[in-house]
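Since the structure comes first, as structure tokens, the remarks are kept for the end.
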């Protein structure tokens with residue numbers, strides 16, 4: 001019996017060894033997203049491209065655990081804690097600052113690669129852009145600087161406008177700064193800014209309904225993943241209310257929006273994949289500097305401009321990276 005028990009135990013031990021070896025050979029990434037997964041499939045695809053550049057492919061030598069908060073900020077801490085409990089090797093966050101903070105508050109040891117529009121130093125994510133110094137690094141989308149450039153477009157499109165509306169999502173931690181920066185720019189231009197707030201589809205409808213009342217000559221849509229998810233509704237309402245609207249994402253212009261100016265999102269997410277792969281290979285996130293966008297795109301939809309009865313000035317067309325006929 002002792003010999004039989006020994007053989008059974010040895011067999012069981014040998015069977016268990018490949019499982020442990022497989023676990024070591026198959027690292028797991030925790031992907032924490034604020035938005036619904038569907039509208040951001042392009043980001044996941046670009047992230048996968050960056051991983052493949054470092055030798056990793058999901059389902060082959062890498063597993064990814066996805067957690068999506070579906071625009072519910074209050075779900076983020078529990079989702080982040082779940083990824084930590086599963087002992088993932090790296091956490092990647094999507095949806096700007098709240099997911100990054102949720103991940104940071106959940107672990108001081110698991111490496112985190114974030115994407116945020118906020119200033120990562122001011123937000124407390126890292127100590128320094130060049131040398132982050134802890135378990136976090138990532139990419140900043142410099143929303144503040146880009147919003148100022150985006151705010152210049154209405155003055156070229158509708159120079160006669162004396163009121164410009166700004167649509168924001170009130171529970172986004174970046175919103176207050178976005179409002180302050182826009183108000184300062186408006187004051188310098190001598191125009192009035194009307195702040196419109198929306199956190200759901202019904203509030204987007206109400207915001208557009210108020211445009212005529214405030215006599216807004218143009219609308220600047222603030223930066224938030226929620227607005228990209230609601231892009232078809234935004235485009236339809238802008239057409240119905242005949243208002244020139246400026247967006248941060250070329251994806252909204254491809255869906256029928258008028259004009260966008262922003263960083264190239266696929267570049268960012270390819271970089272996130274590359275950073276994640278480097279960390280899996282042993283690079284310390286503290287040694288990977290926080291990156292900023294290097295490419296920006298101005299995209300114009302002439303078909304939408306024609307439907308609005310709007311002539312796009314040559315100054316904008318000359319700068320445009322893409323013009324949709």
Query - Exclusive hit being more than 18 Å from the chain's Cα centre (by Cα), in contact (Cβ under 8 Å) with a residue 60 or more places away in the chain and either outside any helix (DSSP H, G or I) or in the same structural domain as residue 278 (by TED's automatic domain parsing) (or both), set 84, 88, 92 - result: 88
Query - Residue under evaluation residue 133, criteria (1) over 30 Å from residue 91 (Cα atoms); (2) outside the structural domain of residue 244 (by TED's automatic domain parsing), criterion not met - result: (1)
Report task. Answer yes if at least one residue in region 5-26 is in contact with a strand residue (DSSP E or B) (Cβ under 7 Å, 6 or more places away or on another chain) and at pLDDT 95 or above, and no otherwise. Result -> no
Requested in this report: Quick one: count up the residues across region 262-302 that are under 17 Å from residue 116 (Cα atoms) and not in a helix (DSSP H, G or I).
Outcome: 12
Requested in this report: Take region 288-309 and flag every residue that is crowded, with 17+ Cβ neighbours inside 10 Å and at pLDDT below 95.
Outcome: 293
Report summary line: Within region 107-123, of all residues that are out of contact with any strand residue (DSSP E or B) (no Cβ under 8 Å at 6 or more places or on another chain) and closer than 19 Å to residue 86 by Cα, the one surrounded by the fewest Cβ atoms within 10 Å (Cβ to Cβ) is 109
Query raised in the report: Is at least one residue of region 69-78 over 20 Å from residue 275 (Cβ atoms) and crowded, with 23+ Cβ neighbours inside 10 Å?
Result: yes
Report task. Kindly indicate the residue of region 239-261 that is assigned to a helix (DSSP H, G or I) and either modelled with pLDDT under 95 or in the same structural domain as residue 41 (by TED's automatic domain parsing) (or both) and also surrounded by the fewest Cβ atoms within 10 Å (Cβ to Cβ) among those meeting that condition. Result -> 251
**Report entry** Failed criterion for residue 132 (all others in (1) under 19 Å from the mean Cα position of the chain (by Cα); (2) surrounded by 23 or more Cβ atoms within 10 Å (Cβ to Cβ) hold)
**Finding:** (1)
Query raised in the report: Hey, among the residues in region 112-129 that are under 14 Å from the mean Cα position of the chain (by Cα) and not in a loop (DSSP other than H, G, I, E, B), which one's nearest to residue 175 (Cα to Cα)?
Result: 116
Requested in this report: Would you be able to say whether some residue in region 307-318 is assigned to a helix (DSSP H, G or I), within 25 Å of residue 168 (Cβ to Cβ), in contact (Cβ under 8 Å) with a residue 40 or more places away in the chain and over 18 Å from the mean Cα position of the chain (by Cα)?
Outcome: yes
Report summary line: Going through region 165-202 in order, the residues found to be surrounded by fewer than 18 Cβ atoms within 10 Å (Cβ to Cβ), in contact with a strand residue (DSSP E or B) (Cβ under 7 Å, 6 or more places away or on another chain) and part of a loop (DSSP other than H, G, I, E, B) are 170, 191
Query raised in the report: Does region 241-257 contain any residue that is over 22 Å from residue 157 (Cα atoms) and touching a strand residue (DSSP E or B) at 6+ places or on another chain (Cβ under 9 Å)?
Result: no
Query raised in the report: Does residue 158 meet the test of being touching a residue at least 24 places away in the same chain (Cβ under 8 Å) and over 21 Å from residue 299 (Cβ atoms)?
Result: no
Query raised in the report: Quick check: is even one residue across region 203-224 surrounded by fewer than 17 Cβ atoms within 10 Å (Cβ to Cβ), modelled with pLDDT of 90 or more and in a strand (DSSP E or B)?
Result: no
Query raised in the report: Scanning for something free of Cβ contacts under 8 Å to residues at least 12 places away in the same chain and out of contact with any strand residue (DSSP E or B) (no Cβ under 9 Å at 6 or more places or on another chain), does region 129-148 turn up at least one residue?
Result: yes
Requested in this report: Read through the list (1) without any contact (Cβ under 8 Å) to a residue 60 or more places away in the chain; (2) crowded, with 17+ Cβ neighbours inside 10 Å, then give the number of the only condition that residue 264 fails.
Outcome: (2)
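The values are calculated or read from the model by the stated rules, or taken from the named source; none is laboratory data. Because the structure is a prediction, the values reported are computed rather than measured. Here the Cβ is made from the backbone with ideal geometry for all residues, glycine too, and neighbour counts use every protein chain on show.
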